[in-house]
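The values are calculated or read from the model by the stated rules, or taken from the named source; none is laboratory data. Computed from a predicted model, the values in this text were never measured in an experiment. Neighbour counts are summed over all protein chains in view; Cβ atoms, including those assigned to glycine, are modelled from backbone coordinates with ideal geometry. These accessible areas exclude ligands, DNA and RNA; they are computed on the full protein's heavy atoms, side chains included. Shrake-Rupley method; radii C 1.70, N 1.55, O 1.52, S 1.80 Å.
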Amino acid sequence: ESEDKQRSSGLWELADGTMEVSLSDGRKVLLSSEEATGCSTAAGRTAMARAAFRIRLEESREQVSAIRRGLHEIVQPCSLLLLHWSELESMVTGQAEVDLELLREHAIFRTDGDAKEVVEDLWRVLGGF
């Protein structure tokens, strides 16, 4: 297997016959001796690929758990099954469009008199979006 293929797959066979997996942050993790043995057979390569896949899935467990906890603070877990992805996105991120007139009605600028042109430019730029 060429070095390019090894690099893209994230699997590396070391000189001593052990195998390592590249994580998304660049760190390397050695496969256990049971996971790395038998690489010369199709079944062994499949087992090794599964082990590498499992390691890569597990590397972000803590981050995914934090995302899940945060999401559950916004949306009841039982409701997630009832929502379309676009409804969930709207609940989490809010409306994609800003009502510029409503914003203008409620905006308060605390500036000296020289900032009038800057405020007018702000509204003109926001209106261009």
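At-a-glance table
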item	result
Accessible surface, region 41-108, averaged per residue in Å² (probe 1.4 Å)	85
Tensor-based shape of region 22-129 (alpha-carbon gyration tensor, a/c under 1.5 rounded, otherwise prolate or oblate)	prolate
Student exercise, region 65-129 dipole from Lys, Arg, Asp, Glu Cβ charges, in Debye to nearest 20	400
Label-reachable residues, region 90-111, where backbone N falls under 16 Å from a point 7 Å from Ser79's Cα toward its Cβ	90-95
